1. Starting from the Cα-Cα distance between A:Lys143 and A:Gln207, subtract it from 0.36 nm times their residue separation and give me the gain in nm to one decimal.
2. May I ask you to list the residues of the range A:131-154 whose amide nitrogen lies under 12 Å from a point 7 Å from Cα along the Cα→beta-carbon direction of A:Met1?
3. Counting only other residues whose beta carbon sits under 14 Å from that of B:Gly373, what net charge do I get with K and R as +1, D and E as -1?
4. For the range A:348-426 and the range A:32-75, compute the distance between their C-alpha centroids and round to whole Å.
5. Taking 0.36 nm per intervening residue step and subtracting the Cα-Cα distance, what contour gain separates B:Arg319 from B:Ser293 on full extension?
6. Please state the shape class of the range B:9-58: rounded when a/c is under 1.5, otherwise prolate if a/b exceeds b/c and oblate if not, all from the C-alpha gyration tensor.
7. Below 8 Å between Cα atoms, with a sequence gap of 6+, how large is the relative contact order for chain B in percent?
8. How many nm separate the modelled label positions at A:Thr190 and A:Phe214, each set 7 Å beyond the Cα in the direction of the Cβ?
There are 2 protein chains.
Amino acid sequence: MYGEIIAIGDELISGRVLNTTSTFVAHKLTLSGFSIKRITVIGDDMADIKECLLASLQRCAFVIITGGLGATADDITNEAVAGALGLDLEIRQELLDKIEECGHKCDVAAGAYLEKMATLPRGAEILDINSHAAGYLLRYKGKVLFFLPGVPSQLKAHMENQVIPRLEDLLGAGQLILYKVFKVFGLGETEINQRLETFEADFPDVQIGYYPNFPEIHVSVTARGDGGKKGLKSLFEKVCSRVRQALEKEIVAEDQDCLEAVLGRLLLDKKGFLAVAESCTGGLVGQRITSVSGSSGWFECGAITYSNEAKAQILGVPREIIEEYGAVSKQTARRMVAGVMKLGNVSYGLSLTGIAGPTGGTPEKPVGTVYIGMGTPEKIFVERFLFPGDRQEVRMIASETALDWLRRYLKYGTHIPGYRPASASH
Amino acid sequence: MYGEIIAIGDELISGRVLNTTSTFVAHKLTLSGFSIKRITVIGDDMADIKECLLASLQRCAFVIITGGLGATADDITNEAVAGALGLDLEIRQELLDKIEECGHKCDVAAGAYLEKMATLPRGAEILDINSHAAGYLLRYKGKVLFFLPGVPSQLKAHMENQVIPRLEDLLGAGQLILYKVFKVFGLGETEINQRLETFEADFPDVQIGYYPNFPEIHVSVTARGDGGKKGLKSLFEKVCSRVRQALEKEIVAEDQDCLEAVLGRLLLDKKGFLAVAESCTGGLVGQRITSVSGSSGWFECGAITYSNEAKAQILGVPREIIEEYGAVSKQTARRMVAGVMKLGNVSYGLSLTGIAGPTGGTPEKPVGTVYIGMGTPEKIFVERFLFPGDRQEVRMIASETALDWLRRYLKYGTHIPGYRPASASH
């Protein structure tokens with residue numbers, strides 16, 4: 001059952017704003033078994049909207065149109081669709097009441113603007129009267145058109161609560177789709193490909209996809225079949241377990257899970273608390289750990305010791321160590337992690353000190369050089385890494401390497417990091 | 001001079017991967033004065049590629065096609081375009097040599113794959129023989145087609161160094177476009193609209209756009225005219241200066257600049273150093289500050305005191321204060337900022353303690369309650385805020401409020417934050 005998406009907005013066509021909504025809509029539909037054949041992005045232009053809408057209706061069973069439902073002058077979707085399909089426009093009193101009520105609460109400019117938002121093509125079925133910007137549905141010559149607000153949070157709620165259930169009612173359930181994502185860190189795409197390349201030949205009904213999601217690579221496994229096809233589920237699970245075997249330690253998380261949350265649960269299992277000492281990452285590791293709700297159950301504290309003085313003052317790194325070996329050194333990383341573990345009175349610690357760039361590199365320690373320390377009840381490990389990329393990429397991959405290293409230690413008892421350390425070790 | 005973009009890839013049409021490349025291409029073209037009328041996203045499907053390509057050529061002067069130039073089986077762009085335009089395919093030896101050379105270096109699987117990448121439609125002009133994946137240009141019935149690799153870094157280099165200069169050569173320079181972005185924090189879209197609404201009537205040649213870029217709203221000013229149009233520049237600058245007057249303190253940065261960098265320069269001017277104490281933001285403020293290269297010139301250190309014990313131990317917040325008023329309180333925020341300024345021996349400090357959610361809220365201190373402390377040589381200020389949104393949004397808007405508050409203090413001498421504090425102040 002094919003559908004298309006039309007996204008309307010000058011801000012999209014000019015490249016001013018990233019079109020995240022179409023991606024979200026397409027992904028939701030795909031996972032529900034509805035296939036999208038085309039996404040068309042156009043500006044706030046009456047003729048373009050009409051032409052695209054009529055062309056899409058020729059090609060597919062349903063169309064999702066996003067954007068242009070707002071109150072400002074450039075929001076012309078309702079007018080365009082009425083014109084394209086030969087429908088009158090009418091003020092919907094129930095919608096006007098709701099918008100006015102909300103307008104007062106939200107301090108929105110009142111008057112003619114609100115009336116415009118409540119003026120819909122005749123026959124429009126309002127999807128959710130309580131939504132701030134009401135999306136609606138139109139049936140036209142056996143086809144279904146959904147008009148959705150472009151604001152991400154509203155669009156999301158409309159997709160999940162309205163569009164998917166209604167599409168299933170109107171067109172029948174989509175194909176059975178089984179889908180899983182393995183989030184991989186420490187292997188390149190070529191290496192992953194080599195480990196998995198026989199799978200596609202062995203299991204032709206299962207599709208394997210590779211999607212770089214820096215610094216991870218996400219490997220998707222998709223099995224499609226008719227609702228009643230026997231054995232699809234067991235086939236799917238067989239492939240997933242083979243992928244797990246092939247990638248093993250390199251899988252940091254699956255599906256909606258993430259490295260930070262996986263690490264948190266491992267610490268929780270051990271009743272261990274973590275403290276971090278960050279220099280070049282400047283708080284990124286702490287921020288990632290605490291992005292997980294409940295992280296107070298395993299995270300104690302962090303020290304962002306950007307200056308040498310702070311490394312000495314807060315973490316007790318001896319000034320002689322910094323002078324002799326430098327702030328970016330194995331010795332300093334070791335003292336940093338020891339210092340922060342003592343400060344937080346915890347049994348696990350991570351430290352990062354390096355040169356994120358673009359300046360500060362030397363022939364001996366070029367940009368991208370980062371020392372990471374991992375403190376455990378057993379001992380402290382320190383490795384030197386050389387990460388590629390610009391400042392933000394170096395910081396991101398360094399934080400990932402540190403978090404993943406501790407995950408591997410806690411889960412597999414290995415002290416070998418997932419990202420290969422640099423050979424030269426000073 | 002209108003153009004269109006066609007983006008090819010199953011990963012795009014299924015919503016698995018965000019289509020950042022089309023946005024980048026559109027933005028580059030727009031800023032160079034070439035207008036994009038349509039972006040079409042399709043899967044790796046021969047018939048769809050052919051149909052879209054021929055339809056686009058009917059409508060516009062140039063087409064940019066991205067994706068599907070790689071070595072794997074689903075990369076069928078070259079074959080499709082040859083079919084659509086009736087061109088033969090031929091192996092380009094100079095390209096094959098380059099790819100093989102690079103393939104050895106990059107450890108890419110060799111053989112038939114590489115030959116595939118070097119097989120282009122007859123007449124293809126290779127844009128940059130030294131690029132990893134070569135894009136090319138085709139001229140067809142007075143129209144220009146650019147085929148570009150989908151990998152962001154390669155695409156970017158191709159757009160800047162090849163596509164824009166060649167388009168200017170082939171089609172003449174684009175319209176003169178003057179463009180500026182004002183990044184605004186602390187005002188809603190409606191409030192900004194009210195301050196600027198007369199502008200569009202006063203200056204019909206200048207377009208003002210509003211783009212939410214959480215937690216900021218970006219206001220763009222665009223003036224378009226023919227290359228020789230007199231007065232466009234002075235008109236543009238007049239509007240920009242009027243926007244600056246109207247939004248004044250609420251503008252945190254302009255164009256490519258950002259709040260973190262603006263704040264850094266203000267601290268540098270004062271020869272002031274900053275230290276931050278974070279609880280609910282968990283390192284986000286530090287991470288944002290240190291995302292700016294050179295931030296060691298104004299940033300001393302940070303303490304991520306997630307637990308109560310860490311607040312007492314590292315920052316010296318008296319345990320009685322935490323017990324009596326709670327970790328999320330005006331009193332604790334005040335002691336946190338005082339503590340971290342002492343720790344770092346600096347004259348400026350920020351502290352944040354709050355409830356980011358989704359759990360931990362109480363009737364008195366609901367989710368979103370955050371106390372921010374700002375330490376200055378003059379005195380310590382503390383305000384209570386109630387931020388909307390989910391965990392990540394609360395953290396993001398809290399970090400923005402803290403950084404912006406200090407920016408306003410340093411730039412305007414005001415101690416009033418840009419985001420309005422909650423009225424109830426405990």
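1. Numbers: separation 64, 0.36 × 64 = 23.04 nm, distance 3.00 nm.
Working it through step by step, the gained length comes to 20.0 nm.
2. Under cut-off, by backbone N: A:144.
3. Working: positive: B:Lys311, B:Lys330, B:Arg334, B:Arg335, B:Lys342, B:Lys379, B:Arg384; negative: B:Glu278, B:Glu378, B:Glu383.
Combined, the nearby Lys, Arg, Asp and Glu give +4.
4. 47 Å
5. 5.6 nm
6. On the way: a/c = 3.73, a/b = 1.27, b/c = 2.94.
Oblate, since a/c reaches 1.5 and b/c is not below a/b.
7. On the way: 787 pairs, mean separation 42.8, N = 426.
Rounded, it is 10 percent for chain B.
8. So the two model labels end up 2.0 nm from each other.
Throughout, read-outs are computed from the coordinates displayed, never taken from laboratory work. Source: prediction; values computed, not measured. As a convention, Cβ positions derive from the backbone with ideal geometry for all residues, glycine included, and neighbour counts pool all protein chains shown.
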